[in-house]
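Working notes for the structure below.
None of the figures in this text is laboratory data; all of them are computed from the coordinates on show. Just so it is clear, the model here is predicted, and its values are computed rather than measured. Virtual Cβ from ideal backbone geometry, glycine too; neighbours counted across all protein chains shown.
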Amino acid sequence: MKFKVIVDSCGELTPEMKQDERFASAALTLEVGADTIVDDETFDQADFLRKVAAYPECPKSACPSPEVYQKGFETDAEHLYAVTLSSELSGSYNSAELGKNLVLEEHPEKKIHVFNSKSASVGETLIALKIQECEEVGMEFEQVVETVDAYIESQHTYFVLENLETLRKNGRLSRVKALVASALKIKPVMGSTPEGSICQLDQARGINKALVKMVDYVKEREPHSSDKVLAICHCNCPERAQMVKEALLEHMQVKDVIILDTAGVSSMYANDGGIIVVI
């Protein structure tokens, strides 16, 4: 095996990636009350969303330990990569770096690189697929790192949430702002900063108007999209994801489109009805 990519479980793997031994997932854990849920292939989205809705306190997540990454890097692959949640949002990047260093202490000849996605969810997915693309055209390790770093800098993340409660419970919005927004059915249009933190781009009254505004932002900010892959992730709302796809493709050309359902960590933050777009 020439290369291996470990993606923390905030990044959803496509069905093809799940069947490919060159890709692996490093599971985060989620806590809802007394329940600890591993964000792996056993994750049950519907059950998780029910538990979050029923439990008044904030659900929490914990990143994979350095040892999880260390074990993942202990393989005969020539080139090893990890793709993590934005370091502004999680400790997963630091954990992967520690895991890398543990391996390099014993095997200094290994080639390992950890990518800070500066994104989340399908942003990580696209980065993993970019690594695959670079490897399959025969790039050297250092060239893969340089090319993928440039891709990360060019990538943008957008999202609209139906339910603001998880953002409020996690301190992403002030209590008053979240409650007023809920009462007025105001939906924020959110995005990522170049550093990988979250910012509010706009807002609208009602989910459909917010999605239209998000589509407008994507169209304006991505004038040269024909060589890019568009990724859409939804939390239990495939029809909404399809609507966003069609609205975007009316006005822009892309190389390919990926639509996935959120895994555990993304489900926790997007909540039922959330839509994430990365290009």
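Here is how the numbers come out for the structure above:
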item	result
Most mobile listed residue (241, 128, 54) in the chain, GNM with C-alpha springs under 10 Å	54
Point-to-point label distance, residue 143-residue 74, nm (Cα→Cβ direction, 7 Å offset)	3.3 nm
Filter on 187/228; 118/185; 219/255 - keep pairs with C-alpha separation over 22 Å	187/228; 118/185
Under 5 Å, built H, 5+ apart or other chain: amide partners of residue 272	none
Karplus 3J(HN,Hα) series, Hz, for the stretch 244-257 with 6.51 cos²θ - 1.76 cosθ + 1.60 (x for Gly, Pro)	5, 4, 5, 5, 5, 6, 5, 10, 8, 9, 9, 6, 6, 10
Spin-label model distance (nm) - residue 199 vs residue 251, 7 Å beyond Cα toward Cβ	2.0 nm
Least to most buried among 226, 86 (fewest other Cβ within 10 Å first)	226, 86
Antiparallel bridges, percent of DSSP beta bridges restricted to the chain (to nearest 5)	55 percent
Label point at residue 20 placed 7 Å out along Cα→Cβ; residues across the stretch 132-154 whose backbone nitrogen lies under 11 Å	132-137
Extended-chain gain in nm, criterion 0.36 nm per residue less alpha-carbon gap, residue 31 and residue 221	64.8 nm
Qualifying GluC sites (Glu not before Pro) for the stretch 199-257 [loop in DSSP, other Cβ within 10 Å: at most 14]	250
R0 of 25 Å, Cβ-Cβ distance residue 51-residue 261: FRET efficiency to nearest 0.05	0.90
15 Å Cα-Cα reach of residue 245 towards aspartates and glutamates, excluding residues that sit fewer than 8 places from it in its own chain	216, 222, 256, 261
For the stretch 157-278, alpha-carbon Rg over 2.2 N^0.38 Å	1.02
Burial order of peptide ranges 89-102, 136-149 (average beta-carbon count within 10 Å, highest first)	89-102, 136-149
Spatially proximal aspartates and glutamates relative to residue 60 (Cα-Cα < 15 Å; intrachain offsets below 8 disregarded)	31, 35, 39, 165
Helix-only mean residue ellipticity at 222 nm for the chain, each DSSP H run of n ≥ 4 adding -39500 (n - 2.57), per residue, nearest 500	-12000 deg cm²/dmol
